[in-house]
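> Quick one: the structure is below, questions incoming.
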Amino acid sequence: MAVEIPSLIKPSTLRARGGLLGECLAEFLGTFVLICFGCGSVAMAVAALPGSGRAATPTTIFLAAGDWLLITWGWAMAVVFGVYVAGGVSGAHLNPAITLAMAVRRGFPWVKVVPYWCAQVVGAFTGAALVYLVYHQAIHAYDAAAPGPKVNGHTNATFSIFATFPAAYFHGGFWGPLVDQIVGTAFLVMFVVAVLDLRNQAVRANLAPLIIGFVVAAIGMSFGANAGYAINPARDFGPRLLTYAEGWGSLAFPGSLSGVFAHYWWIPIVGPLIGGVIGILVYDLFIGDVLVTRARQDRLPEPGRARPERPVDE
């Protein structure tokens, strides 16, 4: 038996939220959930578990692969619940790269792109602020116990709770991390549009958010270590703003650590935007166009067959 749920806001006020405003609010809340549980899982691995006595020392992190799996599955579940929260209102892009790709190839209105981006960044900033509120004691305890280098008393390890940075083996170069972000986001968007494509083997029974979460986990396990697999400009930029405000200084902007990397902040923005467009174009070139062609045929071939199977008596 269905139960009517009354609105919290009087209908005359609520009416304005039926369009773009409501969609932006959904993008804000969905991205907020994404960051709370994604960054929250990193805070657990980096600061909370060591500081609470559940690791070998107060500064022991990434001692085994399980630490990385905690983070990859944490981000996967963050995506799942963020999409479930916002999907029915805004489509739950939660990622400027997906918004841009949908505008380029799926008819998403260009007039909505910038409002969606703004809502996503603000949601990411707010989610990071909540994670910092909950875990700031653990973060400060880790920073105090850890050796240097430090910026304003903060370590790069605690900065990684919120935003990304490249591995030391890139020696501060831009191209390796940029390619990494392009490739990771291209796979993300390619898989998202495949999962949602009703012409293909689309996921049924409202399981698409779960499968998209698996996609994020797979990317983290396969392409995560090079640069932290931001694959989402809002996911990196919003929390990066929070860390700058809370004293991480040059680690956040311009994104520099002496002798390791410099002026990195723009790579998790530009790389995913490029990669998202590439991912949807590759999908449409290799799969989407084939599905369009088959839909125009009188008789469709079974998957794996070169031509339609005809009855014997023809």
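Read-outs throughout are calculated quantities, based only on the coordinates presented, and are distinct from any laboratory measurement. Everything quoted here is computed from the prediction, not taken from an experiment. All Cβ positions, glycine included, derive from the backbone under ideal geometry; neighbour counts span all protein chains shown.
> Is the stretch 141-205 best put as rounded, prolate or oblate by its Cα gyration tensor, with a ≥ b ≥ c the root eigenvalues, rounded for a/c under 1.5, and otherwise prolate when a/b is larger than b/c, oblate when not?
Values: a/c = 5.80, a/b = 2.18, b/c = 2.67.
Cα axes put the stretch 141-205 in the oblate bin.
> Here's a follow-up. Taking the highest mean first, how do the peptides 174-181, 228-235, 154-161 order by number of other beta carbon atoms within 10 angstrom per residue?
Details: 174-181: 20.2, 228-235: 29.6, 154-161: 22.2.
In decreasing order of mean packing, 174-181, 228-235, 154-161 become 228-235, 154-161, 174-181.
> Could you point to the label whose value was computed as mean projected area of the Cα convex hull in nm² for the structure here, given [x] 19.3; [y] 21.9; [z] 15.9?
The value matching this structure is [y].
> Quick test of the membrane-span-like rule: which DSSP H helices of the chain reach at least 15 Å along their long axis (C-alpha atoms) with mean Kyte hydropathy at least -0.5?
What comes out of the filter, once short or polar helices are dropped, is 20-43, 65-90, 113-145, 175-196, 208-223, 233-245, 267-283.
> Of M102, M221, how do they rank once you tally other Cβ atoms within 10 Å and put the fewest first? Intermediate values should be presented prior to the final figure.
Details: M102 23, M221 16.
Taking fewest neighbouring Cβ atoms as first place, the list is M221, M102.
> Order by neighbour count: V192, V80, V260, fewest other Cβ atoms within 10 Å first, most last.
V260, V80, V192
> Also, quick follow-up: For S256, S41, what ranking results if the residue with the fewest other Cβ atoms within 10 Å of its Cβ goes first?
Listing S256, S41 from fewest to most nearby Cβ atoms yields S256, S41.
> Let me check I've understood the local charge: for V189, count other residues with C-beta under 13 angstrom from its C-beta, Lys and Arg +1, Asp and Glu -1. What total comes out?
Values: positive: R105, R106; negative: D197, D284.
Taking every Cβ under 13 Å from that of V189, the sum is 0.
> Still on this model: Could you compute the net charge surrounding W248? Neighbours are other residues with a C-beta less than 12 Å from the C-beta of W248; K and R count +1, D and E count -1.
0
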